[in-house]
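A short worksheet on the structure shown next.
Each value in this text was obtained by applying a stated rule to the coordinates, not by laboratory testing. Just so it is clear, the model here is predicted, and its values are computed rather than measured. Cβ placement follows ideal geometry from the backbone for every residue including glycine, while neighbour counts extend to all protein chains displayed.
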Amino acid sequence: MTNRTAISGRMQGFTIIQLMVALTIVAVLTGLAIPSYRYVTNGSRISGEINNLLGDLQYARYQAIKQGQPITVCASSNGTSCLGSTATTWNTGWIVFNDANGNATVDPGEAVTRVQQAFSGTDTLTTVTGGVGAVTFNREGFPVGLAGVVTVALYATPVNNQSTRCVQIGLNGQIMTETYGVNSCT
């Protein structure tokens with residue numbers, strides 16, 4: 001004779017109330033996570049944009065010292081020539097080039113060594129003090145022809161003070177980044 005167990009008529013699973021509670025918890029957690037995710041992705045984009053400019057300025061300074069000749073970083077919209085020494089918009093892109101005569105213009109025989117394309121979004125990168133569209137470093141690593149400290153500010157979209165970043169170029173060749181409210185970063 002075999003021993004059989006009675007199967008209960010009760011079904012196993014979730015009730016509609018348990019399912020609704022679980023969905024509510026998921027919705028609340030998602031609602032909390034999305035703004036944090038947006039903040040992280042915006043912060044990453046902003047850091048990348050400002051660090052690209054900082055890196056290219058430091059590269060130009062280092063190359064000027066290493067090669068013993070002027071190296072220029074200038075705003076450029078086409079990757080082959082400068083917008084002009086008074087251009088103040090850098091979010092269209094910039095180039096780094098060997099500037100043998102130090103005139104902040106890409107002349108025949110002067111090689112462009114780095115090209116930064118225009119920003120893909122609506123962030124703006126603008127000279128806020130110093131009003132220059134080009135920075136030339138001499139063989140000692142000092143910027144040439146600047147009247148004072150140059151500040152280039154990145155204003156991210158959406159515009160808010162927490163996402164504003166600046167790059168400052170000192171007369172001694174020091175290059176640093178700052179956040180909103182520090183020195184002339186506005």
Note on the range 121-145: residues surrounded by 16 or more Cβ atoms within 10 Å (Cβ to Cβ) and either out of contact with any Ser or Thr (no Cβ under 8 Å at 6 or more places or on another chain) or in a loop (DSSP other than H, G, I, E, B) (or both) are ASP123, GLY130, VAL132, GLY133, ASN138, GLY141, PHE142
Failed condition for VAL144, given (1) touching a Leu at 6+ places or on another chain (Cβ under 7 Å); (2) in contact (Cβ under 8 Å) with a residue 40 or more places away in the chain, with all others met? (1)
Check on ARG38, of a type in the set (Lys, Arg) and surrounded by 12 or more Cβ atoms within 10 Å (Cβ to Cβ): no
What are the residues in the range 150-186 that are free of Cβ contacts under 8 Å to residues at least 12 places away in the same chain and in contact with a Pro (Cβ under 7 Å, 6 or more places away or on another chain), if any? none
